[in-house]
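Report on one structure; see the data block that follows.
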Amino acid sequence: MENEKLKITPLNDIHKKLNARMVPFAGWEMPVQYSGVIEEHLTVRKTCGLFDVSHMGEIEVSGPKALDAVQKITTNDASKLKNGQVQYSLLCYPNGGVVDDVTLYKFSDTRYMFCVNASNAEKDFQWMQENVGKIAEVKNVSDDFGQLALYQGN
């Protein structure tokens, strides 16, 4: 990994302008700290914190049988989701072992998107392609998304 070029998020330049301490994480250059651990911890706990999670993977499942495909590979009942809702779920091997934990977004009856762990994005995509690629279109759209997570403190 030493000689491998790290990927950067859409906010990389902003992190650097704000003097973030940047570190390698799952093949990405990510900010780990700005002003100091204690100060940042207290700020997030008392007010809020905004986190760049653009390194996460996104995999879209679409087509007329998208729900069938999603139901085949996840542990929760995706048919209960309404458009715009998200649920936490697992991708499981047929023997019950866990491929990855995911969040599943429903955009419409024919379009779903999985948010997967950064280091597993390619592995998860390949596994999904092998297991439901004949039922629905499976597309790795990770490079098309940036993502922020907002935590509101007490």
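For region 30-50, name all the residues that are assigned to a strand (DSSP E or B) and without any contact (Cβ under 8 Å) to a residue 24 or more places away in the chain.
P31, V32, Q33
Tell me whether region 10-29 contains one or more residues that are free of Cβ contacts under 8 Å to residues at least 60 places away in the same chain, among the acidic types (D, E), in contact with a strand residue (DSSP E or B) (Cβ under 9 Å, 6 or more places away or on another chain) and outside any strand (DSSP E or B).
no
Which of the residues spanning region 76-120 are surrounded by 14 or more Cβ atoms within 10 Å (Cβ to Cβ), assigned to a loop (DSSP other than H, G, I, E, B) and more than 13 Å from the chain's Cα centre (by Cα)?
Scanning region 76-120 gives N76, L81, T110.
Each value in this text was obtained by applying a stated rule to the coordinates, not by laboratory testing. These numbers come from a predicted model, not from an experiment. No Cβ is skipped: glycine too gets one built from the backbone with ideal geometry, and neighbour counts run over all protein chains shown.
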